[in-house]
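The structure appears right after this line, and notes come after that.
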């Protein structure tokens with residue numbers, strides 16, 4: 001391995017918007033110009049919810065553009081509104097709670113610290129409710145199979161218990177989707193459950209909605225792991241790099257001050273601060289923290 005490598009910086013070190021540890025800091029425009037409102041939405045995980053939010057906010061006057069960061073659960077609203085209260089009201093109507101990131105145009109909303117910790121993927125209460133729902137759904141199916149009667153009061157009672165403990169969030173989202181004429185997976189699941197209940201298939205309705213709830217929890221846990229992995233990478237990113245100056249001397253420089261086109265020196269064992277093109281030198285780079293592969 002050569003001791004020193006040179007890297008031609010290809011990406012700008014500064015931008016109008018930066019993501020740091022899962023939170024986004026934004027700058028405000030002067031009054032009358034375009035403004036930014038960045039919201040943390042803890043229940044925004046997938047394109048289905050993104051589409052629902054777009055449909056809900058599209059009717060508001062003054063909205064210019066919506067930028068979604070699903071991995072970090074961030075919504076950036078480009079707007080020319082004097083009061084951003086209607087944005088938060090619209091989100092509440094579709095079952096979303098938007099918390100305003102400190103440093104953005106808050107309107108009538110409250111501010112939160114950018115370093116606010118991410119909540120767990122699911123709470124202990126949710127876990128207990130899903131366990132009760134699964135048990136009730138299993139015994140409902142078992143009793144229906146053992147007795148041959150899927151409409152007995154015992155089967156119906158257990159199925160209702162499973163639906164009430166494990167399916168209410170799905171049914172609420174399905175109702176919201178119906179109100180906004182948005183055909184999504186929650187509306188389809190709600191339709192399937194109602195259809196099964198209509199034809200007397202109580203155990204099937206209970207099992208289907210419980211399985212969907214479990215799938216939602218697994219998805220939330222997977223996204224939570226991805227967020228933590230990316231946050232750990234950001235924390236370990238170097239704050240400075242060795243940069244070739246105009247007098248041909250190498251100097252340690254903060255990353256934020258490095259301009260596009262400058263040349264960096266990467267020594268053996270160091271982390272690479274910015275993207276670029278290798279101009280000279282030979283080495284190997286361990287990309288496993290990004291790719292997940294174990295080999296350099």
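Please treat every number below as a calculation from the coordinates, not as lab data. Just so we're clear, the structure is a prediction, and the values are computed from it rather than from any experiment. Neighbour counts are summed over all protein chains in view; Cβ atoms, including those assigned to glycine, are modelled from backbone coordinates with ideal geometry.
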Set the Förster radius R0 to 22 Å, insert the Cβ-Cβ distance between residue 194 and residue 157 as r into 1/(1 + (r/R0)^6), and round the FRET efficiency to 0.05.
-> 0.75
Would you mind classifying the stretch 184-224 by shape? Square roots of the alpha carbon gyration tensor eigenvalues, ordered a ≥ b ≥ c; an a/c under 1.5 is rounded, otherwise it is prolate if a/b is larger than b/c and oblate if not.
-> oblate
With 0.36 nm assigned to each residue of separation and the Cα-Cα distance removed, residue 147 to residue 78 gains 18.8 nm
Global geometry of the stretch 55-103, whether rounded, prolate or oblate, following the gyration tensor of its Cα atoms and the 1.5 cut on a/c | rounded
When only C-alpha pairs under 8 Å and at least 6 residues apart count, what is the relative contact order of the stretch 124-233, in percent?
-> 30
Hey, any idea what the orientation-averaged projected area of the convex hull of the stretch 186-296's Cα atoms comes to, in nm²?
-> 11.2
Once fully extended, how much extra length lies between residue 229 and residue 181, figured as 0.36 nm per residue of separation less the alpha-carbon to alpha-carbon distance?
-> 13.6 nm
Could you tell me which of rounded, prolate or oblate describes the stretch 124-233, using a ≥ b ≥ c as the square roots of the eigenvalues of the alpha-carbon gyration tensor, with rounded for a/c under 1.5 and, failing that, prolate when a/b is larger than b/c and oblate otherwise?
-> oblate
Would you please state which residues of the stretch 263-292 a label at residue 251 would reach in this model, taking the label point 7 Å out along Cα→Cβ and a backbone N cut-off of under 17 Å?
-> 263-265
Cβ density ranking, 10 Å radius, fewest first, applied to 81, 189, 252 yields 252, 81, 189
Under the 7 Å Cα-to-Cβ spin-label approximation, residue 168 and residue 282 lie apart by a distance in nanometres of 6.7
Evaluate the distance, in nm, between pseudo-label points positioned 7 Å from the Cα of residue 275 and of residue 236 along their respective Cα→Cβ axes.
-> 2.0
Gap separating the Cα centres of the stretch 230-256 and the stretch 34-88, nearest whole Å = 34
On the formula 1/(1 + (r/R0)^6), with r taken between the Cβ atoms of residue 51 and residue 89 and R0 of 30 Å, the FRET efficiency rounded to 0.05 is 0.95
